[in-house]
Amino acid sequence: MNLIVIGAGAWGTALAIGAARHTAGHHVTLWARNAQQVADMQAAGSNARYLPGMAFPQGLQCSAAPLAQAVQGMDLIIIATPMSALRSTLQALAEAQVSVPVAWLCKGFEAVPAGGSGVGLMPHEVCAQVAPSLLAGALSGPSFAQEVAKGRPTLLVAASQHPTVRQALLEAFHTGPLRLYANEDIVGVEVGGAVKNVMAIAAGLCDGLDLGLNARAALLTRGLAEMTRLGVALGAKPETFMGLSGLGDLMLTATGDLSRNRKVGLLLAQGMTLAQAVDSLGHVAEGVYSARTVVQRAQAVGVEMPIAATVVELLDGRITPQAAVQRLMARDPKQEGL
Ligand SMILES: NC(=O)C1=CN([C@@H]2O[C@H](COP(=O)(O)OP(=O)(O)OC[C@H]3O[C@@H](n4cnc5c(N)ncnc54)[C@H](O)[C@@H]3O)[C@@H](O)[C@H]2O)C=CC1
Ligand SMILES: O=C(CO)COP(=O)(O)O
């Protein structure tokens, strides 16, 4: 199998390493838009900027060729850019008349700028707009890049309504320490991936303010309820949220210190501004950009998401972390459930 990973950040690089290391007979290409980055990676045999200390296995190729040329002859195309570049990348693939399976790794909803109008979309909705004939899907689940690059056991979900896409993802990545499950519920998988990042920011704040383990468990439980409510209202199956891309990724991202989203919350709790927190990461934290869209989509379908809405106010600097906690605690009593 020939496969190409578009976008050489932490996650694209880790997955390319995993596929190249464990699948004899696969030819894996890691593509970056920046020729200098490709030259640096080739010279070092690693991606020092985005995934330092992880040596490339033999056979992993790097490329900065024009995208339309780079994807020729590929059997599977993986988009590993941030959510903000998904639309333009899908457009480029549509223009290149790609007919092989494509899957994105980005977790988020398209951003709606502060004060802006319009509706932010889920990844598969973006694809339906700009590249409707692509055979496409998402690869998601609890997976810190550094652990995948180290070869630690990791379970992922191949989500698509197209069996050929699910099958191609399994063929490419179900190997060695990577185990894949297939799921047709792309809405559920994408809602889980987007909302867990928003909840991880909240969990970082909770821990940064030293609110305690009881508070964090409560936050994640109610966060899961918010995720499920939104997903079901958007057409997802409720059971998807009990799976890897829902509860699994929520647990990992909200409690694991490798998470960039969690780190944003921890840094805000220390008194950093959002700009300072984001600048200090050196990587994307998708929850910062998706939070507003998540809440806006929830309002559009009449779903209440008090934790996510509070995160948006915090990110906008309209409320202090302490006031946010007081407000959530002072909500009226209600029946437990979704
Ligand atoms: N890092 C992780 O452990 C995981 C990340 N993800 C998701 O994967 C996506 C990417 O995350 P990371 O790789 O960690 O981000 P990162 O911040 O490490 O790297 C992003 C990369 O995308 C590249 N990029 C940006 N725009 C591009 C474009 N138009 N064309 C090609 N490349 C472009 C940047 O140059 C950079 O190399 C995010 O949506 C993230 O939520 C999902 C699972 C795990
Ligand atoms: O999606 C991830 C793990 O599954 C990575 O989370 P962060 O983007 O918060 O680091």
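Read the figures in this text as sums done on the coordinates, not as results from a lab. Small disclaimer: the values here were computed from a predicted structure and weren't measured. Neighbour counts are summed over all protein chains in view; Cβ atoms, including those assigned to glycine, are modelled from backbone coordinates with ideal geometry.
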Shape metrics for the chain, restricted to C-alpha atoms - Rg then Dmax, Å: 19.4, 60
Compute the FRET efficiency between residue 58 and residue 150 as 1/(1 + (r/R0)^6), taking r as their Cβ-Cβ distance and R0 = 25 Å, and round to the nearest 0.05. 0.90
Taking Lys and Arg as +1 and Asp and Glu as -1, residues besides residue 148 with C-beta under 13 Å from its C-beta add up to +3
What is the fewest-to-most order of 332, 207, 75 by other Cβ atoms lying within 10 Å of their Cβ? 332, 75, 207
Using only Cα atoms and rounding to the nearest 10 degrees, what angle (0 to 90) does helix 10-22 make with the longest principal axis of the chain? 50
Compute the angle between helix 286-300 and the longest alpha-carbon principal axis of the chain, please, reported from 0 to 90 degrees and rounded to the nearest 10. 60
Return 174, 283 ranked ascending by Cβ neighbour count within 10 Å, so the fewest neighbours appear first. 283, 174
Residue 164 paired with residue 33, simple spin-label distance in nm, labels 7 Å along Cα-to-beta-carbon: 2.8
Calculated [θ] (222 nm, deg cm²/dmol) that DSSP helices of n ≥ 4 give over the chain, each run adding -39,500 (n - 2.57): -14500 deg cm²/dmol
Which value, in debye to the nearest 20, gives the size of the charge dipole of the chain about its Cα centre, when Lys and Arg are +1 and Asp and Glu are -1 at the Cβ? 300
Simple spin-label estimate for residue 65/residue 301, 7 Å along Cα→Cβ, in nm, reads 4.1
Suppose the chain between residue 279 and residue 327 were pulled fully straight at 0.36 nm per residue; how much longer would it get relative to their current alpha carbon spacing? 14.4 nm
Write down the percent of antiparallel bridges among all DSSP beta bridges whose residues are both part of segment 99-214, to the nearest 5. 30
Compactness summary of segment 2-186: radius of gyration and Dmax from Cα atoms, Å, are 15.6, 50
Obtain the nm distance between the two label points defined at residue 75 and residue 128 by a simple spin-label model: each point lies 7 Å from its Cα along the Cα-to-C-beta direction. 3.1
Mind checking the full-extension length gain between residue 213 and residue 181? Use 0.36 nm per residue of separation minus the Cα-Cα distance, one decimal, nm. 8.4 nm
For segment 117-190, radius of gyration divided by Kirkwood radius, i.e. Rg to Rh on alpha-carbons: 1.04
Whole Å is fine, so just give me how far the alpha carbon centre of segment 11-61 lies from that of segment 135-157. 16
Stretch gain in nm, segment residue 334-residue 221, where the contour uses 0.36 nm per residue and the Cα spacing is subtracted: 39.2 nm
